[in-house]
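Participant: So that we are looking at the same thing, I have put the structure below in structure tokens.
All of the numbers you see were taken from the coordinates with simple rules; none came from a lab. Remember, predicted model here, so these are calculated numbers, not experimental data. With ideal geometry, Cβ positions are generated from the backbone for all residues, glycine too; neighbour counts draw on all protein chains shown.
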Amino acid sequence: MERVVEEDAAQLAPAGTGESSSLPPSAAQDRPAAGLCLGSTPNTSRALLTPALSEPQRPGPPARVASVGLPSGHTLMHLNSMRGHDGGPNSSGLGSGNSPLPNSAELSRRLRGLLATTVNFRDVSLELMPSSDQGVLEAAEDADADAATGSAAPLGPLSTSTSGAFAGLGGGGEGGEASGTGRDAGPGSGLAPGGAVVPLGGSMRVRSGAVVRKNKLVIILVGLPGRGKTFLCNKLCCYLNWLGHATRHFNVGQYRRHQKCADEVQDAAFFDHANESGVEARNRALHAALDDLTAYLRSDSGQVAIFDATNTTVARRNLLRAKFHGVLQYMFIETICSDPAVLELNYRNKMRYSPDYKGVDTDKAVADFLARIKKYEEVYEPIDDRNLHYIKLIDMVTGRGHMDINRISGYLPGKIVFFLMQVCKAGLTSPRKIILSRHGESQYNEKALIGGNSSLSVRGERYSRALPEAVIARLPQDEAVSVAVWTSTLKRTIETARFLPFPKLRWKALDEINAGICDGMTYEDIAERYPAEYEARKKDKLRYRYPSGESYMDVIQRVEPVIIEMERERECLVIVAHQAILRCLYAYFMNVPSEDIPRVAIPLHTIIELTPLPDGTMSEVRIAVDIDRPELFLGAPACAATASTGSDAGSPQPSRSCTPEGEAAALVPAPPAAADLAGAQADEVKVAELVAAS
């Protein structure tokens, strides 16, 4: 927020005199109203405060800053020396002997003056200091007071004398260095090269400090191996990118593997804190990742960077804190898990997917990984510094844990807290499936019309009858599963899902994109009647908004509550919706770049099966449903007899005829061979035994 200060030259004079100011008008106009108190810290609401009431100014030592009891991170400067007059009987200014308060004309003039000199309080922090021979005041707040909300680090000293009047305020330079960009120093401007402010009628100066980029955020992960850090990284990447905040994941382990020499062995001993060569190699990977992270956030495209590493020691976290403090907004996320069942599952997935153990015997891999964890545990120091900005997840995946949120504020950090609460509620390893299906062909589809609320066509009716069998065929067959069906409130999705034998929920948020005045038209009609709109849509389909309608960016905001609820659910979900809606949902789970969302293929009469993976990503299978089978013309759903999936019902026996002939083997995986099942079960037993023994 910018404020401007202007003062009439005729009313300004150095404190302690009764004479009018001899300053040039251009310089005097840059001075603020005398005797006013201003808040000095960024992120503090600026307001006109009570004028200083005291005796007429006498010569003497410089006035010190009067620090008033404000919340942590906020400082108030009370300048008794900032007076426009000496308090003589004919003076109408502040400090007058006859009238300690300014009259209405004087107050009005000073209020107008406060709206004339631009001050960007996000970029400038002010500290009033005595002149150099009087010493230096103590710092008013902790150096890290507002790092998570984007405030700058404390700036260099500022000096004042008995005249004590501001000459002007300079903008802050990036990285703590003075910057003269944005304003030119000129006669009477009070600005010196480099962004410092030259005092007029005194020795006070305002120096520019570090500019914290409030639109740049670093998320630093903390935790022992196998605690779900990479899962959280991938989930956060999907969510923030989907919302339009460009986010990248920087995994230090990938840098370590990339820098690995051909003959280098990175077993558990490599991670010993006493292994100097291992520590050196890991530090190289650390700094390489930090260099790339910094370059990414310095670019115009980067907004959020996620730093994925163990970061288990205070020394490492202090190094990162020093790297980002005063330059970027940052926060820590620590994951702690002590539940043996969850750890066993995490370790098993680590053996299955980690590049460190690719092709390694299961017994050796498990033993080495447990030994690696013990090396980290020897030096592990959980976060307990309340000066840090952090979110701590403690056994959240078990449903019996809790979150510790410390000094978190701001839009994005707040969104992240809320999002993590939903993701962790469902569990980091919750097995389920998400099935996306567009509605069956509608009567409007037959005519190439957009929008509307038409019913299904004949082909759409066939799809609605074939859909139950196709869905049930994709559900786990060896155990009872809970399934829910979500649709929009429009007829074509309700009719498509009506034969699905599961509980149904209708969401207004899942309705098709609003085409506004173009609803019910073909694209040819739009090109003919609204050629400018047609061309605008072709140029930027993501951001184009139909007149009186919506854009894809609007739809993303509208379906965010649906995404949050999908993340909270532990059961399988079947979403029957519309093309634009499913494009947005699919883009979230598959981390599709925003610009590509309007081009995601969502064909009719096809189901898209998404299966969560342990690292937070999704696998995808698409199944085209055959709607031309003779039994679909008989007026009954193809698998009505096998609809139940409860524990009291027998296992359904789905047919593979839901896919075209010749495609079933490729689209529907064959059951694993007995030998494969036996091998997998043996590996699980080994992991369980080794974890229990550890």
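Participant: Starting from the Cα-Cα distance between S301 and L505, subtract it from 0.36 nm times their residue separation and give me the gain in nm to one decimal.
Facilitator: Details: separation 204, 0.36 × 204 = 73.44 nm, distance 3.88 nm.
Working it through step by step, the gained length comes to 69.6 nm.
Participant: Below 8 Å, C-alpha to C-alpha, sequence gap of six or more: please give me the relative contact order for segment 252-379 in percent. If you can, show how the numbers build up before the last one.
Facilitator: Details: 63 pairs, mean separation 42.8, N = 128.
Result for segment 252-379 is 33 percent.
Participant: Quick check on the exposure proxy: order M618, M403 from fewest to most C-beta atoms within 10 angstrom. Write out the running numbers ahead of the final one.
Facilitator: On the way: M618 17, M403 13.
By the 10 Å Cβ count, ascending: M403, M618.
Participant: Among W507, W242, rank each residue by its count of other Cβ atoms within 10 Å, from fewest to most, as a rough exposure measure.
Facilitator: In order of increasing Cβ crowding within 10 Å: W507, W242.
Participant: Test of understanding: ordering E560, E528 by Cβ neighbours within 10 Å, fewest first, what list do you get?
Facilitator: Numbers: E560 18, E528 11.
Going from least to most buried by this count: E528, E560.
Participant: Could you work out how far apart the two model spin labels at D267 and N453 are, taking each label as a point 7 Å from the Cα in the direction of the beta carbon, and quote it in nm?
Facilitator: Result for the modelled spin labels: 6.9 nm.
Participant: Counting only C-alpha contacts under 8 Å and six or more residues apart, can you give the relative contact order of segment 222-287 as a whole percent?
Facilitator: About 24 percent, as a whole number.
Participant: Also, I was wondering about something else. May I ask you to derive the relative contact order of segment 434-660, considering only C-alpha pairs under 8 Å and at least 6 residues apart, and to give it as an integer percent?
Facilitator: 30
Participant: Rounded to the nearest 5, what % of DSSP beta bridges with both residues in segment 434-660 are antiparallel?
Facilitator: In segment 434-660, approximately 50 percent of DSSP beta bridges are antiparallel ones.
Participant: To check you understand DSSP bridge types, tell me what percent of the beta bridges within segment 213-426 (both residues inside) are antiparallel, rounded to 5. Please report the intermediate quantities before stating the final value.
Facilitator: Details: 5 of 26 bridges.
The antiparallel fraction comes to roughly 20 percent.
Participant: Roughly how many Å is it from the Cα centre of segment 281-354 to that of segment 373-452, as a whole number?
Facilitator: Going from one Cα centre to the other spans 17 Å.
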